[in-house]
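Note sheet for the following structure.
The values are calculated or read from the model by the stated rules, or taken from the named source; none is laboratory data. Please read all numbers here as calculations on a predicted model, not as lab measurements. Quick reminder, even Gly has a Cβ in these numbers, built from the backbone with ideal geometry, and neighbours come from all protein chains shown. Side chains included, ligands, DNA and RNA excluded: accessible areas come from the protein's heavy atoms. Shrake-Rupley method; radii C 1.70, N 1.55, O 1.52, S 1.80 Å.
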Amino acid sequence: MAKILIIDDDPKICTVLTDLATSMGHEAFQAFTLEKGLSLSLSNPLDLIFLDLQFPQGNGLQILPDLLNSPSNPEIIIITGSGVKGAELAFKYGAWDYVEKPFLLSEISLPLSRALQYRREKLTEKAPVMLKCSGIIGESPVISRCLDAVGKASATDAGVLITGETGTGKELFAHAIHENSKRSANSFIVVDCGSLPETLVEGILFGHEKGAFTGADRRRKGLVEQADGGTLFLDEIGDLPLNIQKTFLRVLQEKRVRLLGADKEVPVDFRLIAATNRDLEEMVEKSLFRQDLLFRIRAFEIKLPPLRDRREDIREITIQIIQRLCRQYDMGIKGISKEFFDVLSDQPWPGNVRELINVLEHSLASAVHDPTIVPKHIPHQYRTALLKKGDSQNKRGELHPEKVSAEKPDENLMPLKEYRNKFERNYLHLLLDRAQGDRKTACFLSGLSQSQLYALLKKHNLSLCKA
């Protein structure tokens, strides 16, 4: 017998679904509000939840992540009157299925039975093996889902595409997939596609025979062949030149590579993991990336969240990094004040975890002789940014995305182009303030190349030395 929760503000629908569940031998609970539904999900072991999306007090999607991560991890079937659009959002968050209003009982019975069958099979599986995920810190729901995806990706040799902003830990997750796969005993070869010289990229990737070109005094394996038996990680694959994309696609399909100057191909057995902070679908539309290659590398996709979307992990990241650095520099363990955590938690972190680690290294260096790390040890621009935050939010009030309601659009809503320009300019002001006029820091924090940074500054008539 399964336990089923129905969250819907329509008593008639609750009654119909309750009768259906009990007729199939299951126990059903009812909740007419989102608050009550969430409370029941946290206090009862549940197998399945029917969730309506439209409530007087809000949208059911608001509590969907909390329902999915409640103690019993139930399956969710969405009840929607908004058709495919509502279902698409529900699937994005991890719902099992959706039923569109108005519905027939036969349309409910099948997804209900299949969801419960899937749950029974899942619960009777043997306990999962603990993942090796050295360096990945955090237990927030979004990171937990990413680690679940790592476990699933590790079980196969399918191509994996890891996406996310600069500094979110894409290489760490790629290495975790390798470490938990059957290839873990073999090489993990990292290729930074953005740093490959365009004139040498073919030789670096595919290797060359002796005499293939001037200076080729011996046979040299390419990075693809070095990954034989293991994993090849192409970081920032969006920077791979188009002509090389075509050659690499064939290598990926045939698992054979021809060295420069060679008469025949040699077999290679490697697993590909790729990563990017760029929108590859948009690049495909602009003919900057091959669609067939995108299909090959994206059999499995893991989207890493920015640090600002998992602020609950900042405390744990801070503690572990500080402890590691203290051991590394033989300083002894230092205390960390609550105020220090408060300042860190209130930052936007455009450079994500990588930026946070840099700040922690600076703070520890500043506190080298102090027993406790406090806000005064944080770089001054981060503390100053908090003072400016209130004023900045007032100036940008009408630009904040969360203040624009999708259901009740503002009659005076500005054109999209104007919105983008103002948002870009505000971002650049904040970036320049953080970077203190340093070009490398600005590029690091923003994830922009030097040319992209200068192009944006020119567009908005700004310069590095003046915000």
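Among residues other than GLU27 with Cβ under 14 Å from its Cβ, the summed charge is -1 (Lys and Arg +1, Asp and Glu -1).
What FRET efficiency would be calculated for the residue pair ASP330, SER23, taking the C-beta separation as r and a Förster radius of 51 Å, to the nearest 0.05? The partial results should precede the final answer.
Values: r = 69 Å, r/R0 = 1.35.
Calculated transfer efficiency: 0.15.
Taking +1 at the Cβ of each Lys and Arg and -1 at the Cβ of each Asp and Glu, which of LEU20, PRO111, THR199 sits farthest along the dipole of the chain towards its positive end, judged by Cα position relative to the Cα centre? Farthest towards the positive pole: THR199. Compared with the alpha-carbon gap, the fully stretched path from LYS376 to VAL16 is longer by 123.5 nm at 0.36 nm per residue.
Just for the chain, what percent of DSSP beta bridges are antiparallel, to the closest 5?
Values: 7 of 45 bridges.
Around 15 percent of the beta bridges assigned by DSSP in the chain are antiparallel ones.
Straight-line reach from LYS458: which aspartates and glutamates have a Cα under 18 Å away, not including same-chain ones fewer than 8 places off? Those aspartates and glutamates meeting the cut-off are GLU418, GLU424, ASP433, ASP438. If R0 is 22 Å, the Cβ-Cβ spacing of LYS221 and LYS255 corresponds to a FRET efficiency of close to 0.90.
Going by a ≥ b ≥ c, the root eigenvalues of the Cα gyration tensor, does the chain fall in the rounded group (a/c under 1.5), the prolate group (a/b larger than b/c) or the oblate group? Oblate is the answer for the chain, as a/c is 1.5 or above yet b/c matches or exceeds a/b.
Label positions at GLN291 and ARG120, each projected 7 Å from the Cα along the C-beta direction, are separated by 4.3 nm. For region 176-222, give the percent of accessible area contributed by carbon and sulfur heavy atoms, probe 1.4 Å, rounded to a whole number. The nonpolar share, carbon plus sulfur, comes to 45 percent. Label separation (LYS440 vs SER113): 6.6 nm, computed from points 7 Å beyond Cα along the C-beta direction.
Residue pairs exceeding 22 angstrom between C-alpha atoms, taken from LYS334/LYS376; LYS12/LYS36; LYS334/LYS440; LYS132/LYS221: LYS334/LYS440; LYS132/LYS221.
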